[in-house]
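One structure below.
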Amino acid sequence: MKYALFPGCTVQADQFGYEASAREVLPRLGVELVDMEGSSCCGFPAFSSIYPSAWFYLSARNMAIAESMGLDLLPLCNGCHLSFVETKHHLEVNPRLKESINENLRREGLTYTGDVKIAHILEVLHDAVGVEKIGASVKRPIGGLKFATHPGCHAIRSGGLDHTDDPENPQKLDDLMRALGADVMDYPEKTDCCGSSLAIASGKTTLMIAGEKLQSVKKLGFDGLVTVCPFCFKVFDNRQRAIQAAMGDRSLNVPVFYYTQLLGLAMGLEPEKLGLELNLSPIDPILEKILEG
Amino acid sequence: MTGYEPRLIGFLCNCCGYAVADLAGISRIQYPPNIRFLRLMCCRRLDPSLVLGILSEGIDGVMITTCSLGGCNFIKNHEQVEKKFLFMKRLLEKAGFESERVTLEYLFASEGRKFADQVDSFIERVRGLGPSPLSGDSPDQDLLLNIRAAKAVAENYRMRALVGKEEKLVKEGNVYGEPVTQEELDTVMDDAVENEYVHQKIRLTLLEEPASVKKLSEKLGIDSKKVLEHIVAMRQLGWVDVKEILGSSPIYTALEVPE
Amino acid sequence: MDESVLVIGGGVAGIQASLDLANRGIKVHLVEKAPFIGGVMAQLDKTFPTMNCCICILEPKMIECYRHPKITVHTLSEVTEVGGSKGNFKVKVIERPRFVDTSRCTRCGACIEKCPVTVPDEFQAGFESRKAIYIPFPQAVPYAPSIDKGSCLHFGGGGCIVCEEACPTGAIKYEQDPRTVSLNVSSIIVATGFEQYDPKEMGEYGYKRYDNVITPLEFERLVSPYGPTGGELTRPSDGKIAKRIAFIQCVGSRSHRPGIGVPYCSGICCMYAAKEAVTIKEKYPDSEVTIFYIDIKAFSRDFQNLINKARDEMGVEYIRGKPGEIRENPLTKDLYIWYEDTDTGEIGRKEVDLAILSAALLPRNENTRLAQVLGVDLDEFGFFKVEDPFLSSLETTRDGIYVCGCCHGPRDISNSVVEASAAAMKATTGTRLTAEGSGG
Amino acid sequence: MNMSAESSSPRVGVFVCRCGVDIGDVIDVPALVEYAKKVQGVAYATEDSFACSTSGLEKIEDAIKRHNLERLVVAACTPRTHEAIFQSACERSGLNKYLVEMANIREQCSWVHRDDSQAATEKAKDLVRMAVAKARLLQPWKEPEIKVNPNILVVGGGVSGLSSALSLADLGFKIYLVEKEAELGGMLKSLHKLSPTMRDSSESLESMLRLVEQNPNIEIHTSSRVKSVEGAISNFEVEIESDGKVVERFNVGRIIVAIGAEILKPHGLYGYGHDKRIIIQLDLEEKLKNNDLKGVGTVVMIQCAGSRNDERPYCSRICCNTALKNAQILRELSPDIDVYIIYKDLITYGVESSALELNTKRRGVKLIRYRDESPPEVAIEDGSVVVKVFSPTINEEMTFRADLVVLSTPLVPRGEASELARMLKLPQDPFGFFKEAHQLSPLDFATEGVYVCGTARAPKDAVESISEGLGVGSKAAEYKFSRIRGRGAAFAEINEKKCSGCGICIELCPYNAIRKDEIGISRTDSALCGGCGVCAASCPERAITIHHFTDDQLEAQLLAAIDRRPRK
């Protein structure tokens, strides 16, 4: 298993924990990650709403690089993932657009054929590696802890296009958590948005949306929340203090993790290697429990 | 068993009453077991004399369940059920019998819950009234005479003709085409009921044993002049005759009224 | 040869068509693929708008039909071949065995009691289980056990002979073979009915994912006094009486989403929802019932009265809006229904104990096979296509073959019964209402 | 009260059904059987787990023969569904079928007293005793065979009447088809195109009319109406009048009422009648037929105009489809015509009408919903017709200047419906539509030999009307020259010696089943009698017996209920 790794700018700019943990755990499961030379922004969301052809061009360009490497593309970020999936679709149904983009790409010696497959980390872990293999890699099971899973809507609710999991009833992240020994449970707000897409237009709304979800997670007795999306993580974890303020609820504290971080912990890796010190939500008590076994 | 458990009869028409009782069963809606149902094809079959008869035998109450208007398969002339019921109530009141012991309920065949509620509350109502004064082995003899007289009124040609024509009289007027209002008719009906009722009481008393006007007056608590008026009228009808004359007072006896 | 007619499908429409024909002295062959007649109506609790008990009014008809000297009922049967033409169809029917000699069987039930196999009972919408040898329901006509070969251990290679041994009269006959019956009939009436849309396709409502989201047919079994709960509306997750209930209308109907549901209105769901709501309110007056709808389609005699009764008298809440999603509280198994009230524009969340998805009526899956056998066309959805929806609305595309009931589109019981009589008339007179078809 | 049957005591057999657990789990069945054995008149009593099963019925038949039973009491479920089954068991064993009485110990006992076995068992004993008391007095009866006149009258020459006439004529029945207008065709004559075929109404109608006119078995009377109907299925005497004169008399054995309905003209509603730009759908059909739509740019249709309100709560079923169809035709006529349909609930149902809805929307017809509490308003402002309506969807009032306002008004019963109802004793619903006897028999009516189909029964479209016409044909064709009465044993018989000829029974009979004979004595026609018993309850001379529900039988049942003989 070998993928062209596309961390994406959000991850590279401020979600180091995700990249760090992904780079630690994936190779240990036999997933080889190859960095992409000359990759750029995927175009989403900055261009997608105001200048679609620029967005398509940027996405296609990154996909073309992966094609030139002869590898499938693994973006870490849900936003990038959707951006590639959507672009792929547009270029498939619109050959003229594809051609005009290819004209531009040819100038730097790239061609986009459309043969590249876009992988999602959930698919890589759940479908390619497999739950069993992950289970077998666990040395320090996360027993006795109940996690709310939050796969993130970009990955699963991509209207009509290929989605990585059942949009109404996503279960892959749950399966992956069970493989680590953790408890999971469906909850009503599971597929609810984190609110981050409103962050620029109405930051307060974002905080309220995320806050309501966290409140429910807390009320239902979860010990923490786990995600694979840097946007969602950013809101739930990085902005948790702000959420507390917006909700007027200082007791609203929910430990938030990337799945790759928990996977790493379960594999017995040192917390420092997994970027856990960058999590801003109160993860210490959970961390202690896991480390104590 | 402690306390008093009323015994009740329910008349049900086939298409609604019986159906709704079945539906209560099908829906497993529970109600107390004090009532026994009797199926009629239609409640218009219900002759007041039948109900008065079973009351005279000591049943504690009678419930009649018929179709709500618009719910009946026998749609036409459905109001006859109510006419007969009101006539019967009038007779019960005349006889001094608690008319709350009879009830007429309208239902759609789908109202199983309502049916059970009605049965329930009727049982409670009768329970509150206590046992019928005519139940048991020693019924109130005066009341028994009264209610038998009422039954006889209900079987009387004149009264039945009046009740049967009521609808037409109010709707189309009398044979001369003169309009008759419900109030006028009610007055006529009251007079007729009063008259027939006393007739029948006298007749039933005389059937037991012949008696003089004075004795009848004492026994029935009716002014002797009134009794005499009735006797005179009844002689003309061929219901009574003089059996013998004791002293100066004629002793009257009832004649078999030919069918 | 006496005139005879083949009726395919033993639901209420097929039964009525058969009775109409037989009462006119015409010989009828009624072919039903189940081991009993009665169809979907036998599973229903009450009719609308008159709230009659379904099985109570259907059972006499089933019995009359089964006993009618002019009607031969072929249960467990399917039509496999139709040759010839109007006036002289040559039909082959395969009759699968019951594996029970009904003339010997005393209906003592010993075989059923002893049978070691339990499978979900389809008649009870899977809420209960039945044995591999079974009688589907107490009023089944014919009232006789039959062995479901698919789940029976004897046929599964296990060599089980428990029922044979249990039977005091030697009525179990494993050796019975399917037989093919050849019939000559002058015309054919198709009355194969409908099947219910599987709302699993609309993942947002969580059917089969959330215990307390059910279909109308499941609901009918739950409130039926003959059902698995004896008529108590208990919710599947915990057996508690459901007191907050919601109906979601147009599930799978009136859908213009690609690949989801059907675009047409199923025509009966508004009324059965109202009926079911009234049933709940009559049984549990303190319950809260909500109906989410797009349009209230109460278009026949007394239909609006039933709606008014539900809404104005019994306090059933009608909210105009099609919910976007149902979610489940994992601890209580209560459901949250998210919706927009389109009258006010407000977004709301309703918490309920039980949700009923008023699922669309679909053509039967096996219509495709049957249409091939009959040599007739189906419409774009898979309903039997009629020659001309106006003047020959009950005629299929092959002369002499007629339809009635839900096999050519959704309709209610009353309409199905009317059509059954109409089809019976056409099947005997061949009356055509258009001049071009009159011929002679 | 007299218990007249003391002397002759027929042998009664009592069968108690356990109905599996339904009865057996609540009522002490063995105790009930033991009790029944002691009830006066009972010669044999037993129990069965399912009395109505084939084997249960065989046991009953067997017992009747073995124990020489003369009356049968089945203590089981409700006679409404099961009496017929036990009646046929009787017949098979040679016992008259009317000698069965059922005691309903399931629906009216075990199911409603589930928590009190003891009381339920006591009640069941009472019910069995009552049934035995009645059974002892039951008399055998044979449903009479009734001669039937083979001819058929069809009233109304619309599609439902035409289709029943045609189909029955094809079966060889002689049909008299009476139409009040000069031409056959009914409502279809006034229509433009028909959905779902979108063919000209006249085209479809003509092919049908040709067949009717060519059919030698159909005798057509146009411009005629039924003046009077006397008699019964053995022989209805029908008088037909035209221009106020009786023009024809003939005899038939069945009458099919297919008089249709008419479209409400709602004077005053939404300004109808005040401005010629405010019309109803029927007027629009006329305009479409005559291509009389010059200068029309905006058409606003208002649904439920005069229906689904307090006065007429019913939905008229066809108006939404009509509006959609006409809107679609308007758009096809010219894309410059804007069409708005203002509706409450869109009544499209089933495959075809849903397709019509979709096609109409695709053609750019705008649908605007209104709520009951804020109906549209139509006013004339500066010479224009202005329609205002509050749309809950956008939460705003919308205003249209309309060149045509088309009101979708409901079907209402025709004026002559009540006249026919009187003549034929047909029940009507509160609005005047004819009402059938039973939901599962939508084409059967209380009066023998009289049928109703089409919109006279309730609003419906042409396709549905045709089906009903054919369906009614199927019912009417059930017998030709004779039939068995088939109404059970309840019927009235008048004692001619007692009858005084007062006529009250004739007045009150809902079935038109009583008539005076030549000497003025009332006579019942058992073929027509529905057995309701109003005559017996009202007869001043008490001269009428309702068989199967006689005074004696009812009295015996009542006395048995309190378990006693009459008081001295």
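Of the helices (runs of 4 or more DSSP H) lying entirely inside the range D:1-102, the ones with 3 or more residues being closer than 23 Å to D:Ala561 by Cα and within 14 Å of another protein chain (Cβ to nearest Cβ) are found at D:79-92.
Is it the case that some residue within the range C:383-405 is within 18 Å of the chain's Cα centre (by Cα) and either surrounded by fewer than 17 Cβ atoms within 10 Å (Cβ to Cβ) or without any contact (Cβ under 8 Å) to a residue 40 or more places away in the chain (or both)? Yes, because at least one residue in the range C:383-405 is within 18 Å of the chain's Cα centre (by Cα) and either surrounded by fewer than 17 Cβ atoms within 10 Å (Cβ to Cβ) or without any contact (Cβ under 8 Å) to a residue 40 or more places away in the chain (or both). Elements of the type strands (runs of 3 or more DSSP E) sitting completely within the range C:255-363 and holding at least 2 residues that are of a type in the set (D, E, K, R), within 12 Å of chain D (Cβ to nearest Cβ) and more than 21 Å from the chain's Cα centre (by Cα): these cover C:335-341. Every listed requirement among (1) buried (at least 16 other Cβ atoms within 10 Å of the Cβ); (2) over 20 Å from A:Val256 (Cβ atoms); (3) touching a residue at least 60 places away in the same chain (Cβ under 8 Å) is met by A:Lys139 save one, (1). Among residues that are surrounded by fewer than 21 Cβ atoms within 10 Å (Cβ to Cβ) and farther than 25 Å from A:Lys190 by Cα, C:Thr344 is included.
Output the residues belonging to the range A:40-61 that are surrounded by 20 or more Cβ atoms within 10 Å (Cβ to Cβ) and under 13 Å from A:Leu105 (Cα atoms).
Taking the range A:40-61 first, the residues surrounded by 20 or more Cβ atoms within 10 Å (Cβ to Cβ) are A:42-44, A:48, A:55-61.
Listed by number, the residues that qualify are A:Phe56, A:Tyr57, A:Leu58, A:Ser59, A:Ala60, A:Arg61.
Can you say whether D:Ile341 is aliphatic (A, V, I, L, M) and crowded, with 19+ Cβ neighbours inside 10 Å, as far as the supplied structure shows? Against the criterion (aliphatic (A, V, I, L, M) and crowded, with 19+ Cβ neighbours inside 10 Å), D:Ile341 qualifies. Is it the case that D:Pro150 is within 11 Å of another protein chain (Cβ to nearest Cβ) and part of a loop (DSSP other than H, G, I, E, B)? So D:Pro150 does not fit the description; no. Answer yes or no: is there a residue in the range A:148-162 that is touching a Phe, Trp or Tyr at 6+ places or on another chain (Cβ under 6 Å), within 14 Å of chain C (Cβ to nearest Cβ) and either in a helix (DSSP H, G or I) or modelled with pLDDT of 90 or more (or both). Yes - at least one qualifying residue is present in the range A:148-162.
One residue stands out in the range B:14-26 among those that are surrounded by 24 or more Cβ atoms within 10 Å (Cβ to Cβ) and more than 7 Å from chain D (Cβ to nearest Cβ): the one that is nearest to C:Gly230 (Cα to Cα), namely B:Leu23. Going by the structure shown, is A:Gly79 out of contact with any Lys or Arg (no Cβ under 8 Å at 6 or more places or on another chain), modelled with pLDDT under 95 and more than 24 Å from A:Ala179 (Cβ to Cβ)? For A:Gly79, the condition - out of contact with any Lys or Arg (no Cβ under 8 Å at 6 or more places or on another chain), modelled with pLDDT under 95 and more than 24 Å from A:Ala179 (Cβ to Cβ) - is met. The set of residues in the range B:40-68 being over 13 Å from the mean Cα position of the chain (by Cα), over 21 Å from B:Leu143 (Cα atoms) and within 7 Å of chain D (Cβ to nearest Cβ) consists of B:Leu40, B:Met41, B:Cys42, B:Arg44, B:Arg45.
Restricting the range D:161-176 to residues that are hydrophobic (A, V, I, L, M, F, W, C) and either closer than 12 Å to D:Val472 by Cβ or assigned to a helix (DSSP H, G or I) (or both) leaves a set whose member that is nearest to the other protein chains (Cβ to nearest Cβ) is D:Leu166.
Please go through the range A:166-215 and give me each residue that is in a helix (DSSP H, G or I) and within 27 Å of A:Leu291 (Cα to Cα), ordered by number. Full working, then the answer.
Applying the first criterion (in a helix (DSSP H, G or I)) to the range A:166-215 yields A:172-179, A:196-198, A:203-215.
Selection gives A:Lys172, A:Leu173, A:Asp174, A:Asp175, A:Leu176, A:Met177, A:Arg178, A:Ala179, A:Leu214, A:Gln215.
For the range D:113-145, which residues satisfy the criterion of being hydrophobic (A, V, I, L, M, F, W, C), in contact (Cβ under 8 Å) with a residue 24 or more places away in the chain and either within 14 Å of chain B (Cβ to nearest Cβ) or out of contact with any Phe, Trp or Tyr (no Cβ under 9 Å at 6 or more places or on another chain) (or both)? The answer is D:Ala120, D:Ala124, D:Leu127, D:Val128, D:Met130, D:Ala131, D:Val132, D:Ala133, D:Ala135, D:Leu137, D:Leu138. Among the residues of the range D:469-477, is any away from chain B (no Cβ under 14 Å), out of contact with any Cys (no Cβ under 8 Å at 6 or more places or on another chain), modelled with pLDDT of 90 or more and in a loop (DSSP other than H, G, I, E, B)? Yes, the range D:469-477 contains at least one residue that is away from chain B (no Cβ under 14 Å), out of contact with any Cys (no Cβ under 8 Å at 6 or more places or on another chain), modelled with pLDDT of 90 or more and in a loop (DSSP other than H, G, I, E, B). Considering only residues in the range D:354-398 that are farther than 20 Å from D:Asp336 by Cβ and of a type in the set (Gly, Ala, Ser), the one that is farthest from the other protein chains (Cβ to nearest Cβ) turns out to be D:Gly383. Scan the range B:150-196 for residues that are more than 10 Å from every other protein chain (Cβ to nearest Cβ), among the aliphatic types (A, V, I, L, M), surrounded by 12 or more Cβ atoms within 10 Å (Cβ to Cβ) and free of Cβ contacts under 8 Å to residues at least 40 places away in the same chain and jot them down. Within the range B:150-196, B:Leu169, B:Val170, B:Val180, B:Leu185, B:Val188, B:Ala192 qualify.
Picking from residues in the range C:234-249 that are buried (at least 22 other Cβ atoms within 10 Å of the Cβ) and not β-branched (Val, Ile, Thr), the one that is nearest to the other protein chains (Cβ to nearest Cβ) is C:Gln249.
Just a yes or no: is a residue in the range C:51-67 out of contact with any helix residue (DSSP H, G or I) (no Cβ under 8 Å at 6 or more places or on another chain) and among the β-branched types (Val, Ile, Thr)? No: the range C:51-67 contains no residue that is out of contact with any helix residue (DSSP H, G or I) (no Cβ under 8 Å at 6 or more places or on another chain) and among the β-branched types (Val, Ile, Thr). Within the range C:191-220, being in contact with a Lys or Arg (Cβ under 9 Å, 6 or more places away or on another chain) and either in a loop (DSSP other than H, G, I, E, B) or among the aromatic types (Phe, Trp, Tyr) (or both) holds for C:Thr192, C:Gly193, C:Phe194, C:Asp198, C:Met202, C:Gly206, C:Tyr207, C:Lys208, C:Arg209, C:Tyr210, C:Asp211, C:Asn212.
Here is the figure for the range A:1-33: residues that are out of contact with any Gly (no Cβ under 9 Å at 6 or more places or on another chain) and among the acidic types (Asp, Glu) total 2.
Every residue, every condition in (1) away from every other protein chain (no Cβ under 14 Å); (2) assigned to a strand (DSSP E or B); (3) surrounded by 13 or more Cβ atoms within 10 Å (Cβ to Cβ), yes or no:
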{"residue": "C:Gly157", "(1), (2), (3)": "yes, no, no"}
{"residue": "C:Pro168", "(1), (2), (3)": "no, no, no"}
{"residue": "C:Ser182", "(1), (2), (3)": "yes, yes, no"}
{"residue": "C:Ile189", "(1), (2), (3)": "no, yes, yes"}
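The values are calculated or read from the model by the stated rules, or taken from the named source; none is laboratory data. Every value quoted in this text rests on a predicted model; they were computed, and no experiment measured them. Note that each Cβ is placed from the backbone with ideal geometry, even for glycine, and that neighbours are counted across all protein chains shown.
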